[in-house]
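Before any comments, here is the structure.
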Amino acid sequence: MAVSSAPPRARALLQQCLASRLQAFHWYFKMRQKPVTPQQKIQRGLVIYICFFKGASEELIPKMVNTLLNVKLSETESGKYVSLLDLPGNLLIIPQATLGGRLKGRNMQYHSNIEKEKGMELYSHFVTLCEKELAANTKCAEAGVVVKYGTYGNRQVLKLDTNGPFTHMIEF
């Protein structure tokens with residue numbers, strides 16, 4: 001099997017959670033915080049941190065959504081691992097540009113990240129497709145599963161309750 005040497009076009013970090021809360025802030029005057037959206041809260045489910053790199057396009061989004069919603073990371077009471085769709089569980093999506101950082105000397109650089117405007121478009125498309133997939137899933141619809149998401153380009157504060165650091169990274 002050939003190994004692709006092409007650089008990734010997106011990176012996602014997945015973290016199962018028992019509950020999570022996200023608050024977005026924008027920065028103004030001498031770094032005072034001012035909330036710009038209400039808190040985004042979910043109960044048991046999955047947190048997806050997402051970053052797009054230069055070269056990412058909209059045709060990548062369906063593959064990402066399919067992969068991330070179907071990967072078996074959520075533990076049931078019996079100890080079996082199932083996908084978010086099969087659990088069913090809630091979803092919190094957080095844009096995370098720092099996933100694109102590379103260490104140069106003692107500093108982080110983000111030269112491979114996509115331009116902000118294009119990244120915002122891809123992020124919006126990703127969120128919309130996740131919402132559609134969970135709404136179309138019978139188990140999720142019956143369970144009242146919610147999709148919440150952070151604000152692209154803003155500082156965000158996350159509070160996460162998990163039953164163990166069970167974090168996975170997937171590149172596309």
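Tell me which residues, restricted to region 63-103, are out of contact with any strand residue (DSSP E or B) (no Cβ under 7 Å at 6 or more places or on another chain) and outside any loop (DSSP other than H, G, I, E, B). Matches in region 63-103: Lys63, Val65, Asn66, Leu69, Asn70, Thr98, Leu103. Screening region 130-150 for residues that are part of a loop (DSSP other than H, G, I, E, B) and in contact (Cβ under 8 Å) with a residue 60 or more places away in the chain and picking the one that is nearest to Leu84 (Cα to Cα) gives Val145.
For region 64-79, filtering for residues that are open to solvent by 60 Å² or more (accessible area, probe 1.4 Å) and among the small types (Gly, Ala, Ser) leaves 1. Pick from region 93-148 the residues that are among the small types (Gly, Ala, Ser) and farther than 26 Å from Pro7 by Cβ: which of them is surrounded by the fewest Cβ atoms within 10 Å (Cβ to Cβ)? Across region 93-148, the extreme among qualifying residues is Gly144.
For region 26-51, the set of residues classified as buried (at least 21 other Cβ atoms within 10 Å of the Cβ), aliphatic (A, V, I, L, M) and either in contact with a helix residue (DSSP H, G or I) (Cβ under 9 Å, 6 or more places away or on another chain) or at pLDDT below 70 (or both) consists of Leu46, Ile48, Ile50, listed by residue number. Would you please name the residue that is farthest from Val127 (Cα to Cα), looking only at residues in region 60-76 that are hydroxyl-bearing (Ser, Thr, Tyr) and more than 15 Å from the chain's Cα centre (by Cα)? The extreme case among them is Thr76. Considering only region 104-129, state which residues are in a strand (DSSP E or B) and within 17 Å of Leu92 (Cα to Cα). Selection gives nothing. Please verify whether Ile61 is touching a His at 6+ places or on another chain (Cβ under 8 Å), more than 20 Å from Ala141 (Cα to Cα) and surrounded by 15 or more Cβ atoms within 10 Å (Cβ to Cβ), treating the condition exactly as stated. Yes, satisfied.
Restricting Gly100, Gly89, Gly79 to those that are modelled with pLDDT under 95 and within 19 Å of the chain's Cα centre (by Cα) reduces the list to Gly100.
The values are calculated or read from the model by the stated rules, or taken from the named source; none is laboratory data. What you are looking at is a predicted structure, and each value in this text was computed from that prediction instead of being measured. When we count neighbours, we look across all protein chains shown, and the Cβ atoms used for this are built from the backbone with ideal geometry, even at glycine. Heavy atoms of the whole protein, side chains included, go into the accessibility calculation; ligands, DNA and RNA do not. Shrake-Rupley method; radii C 1.70, N 1.55, O 1.52, S 1.80 Å.
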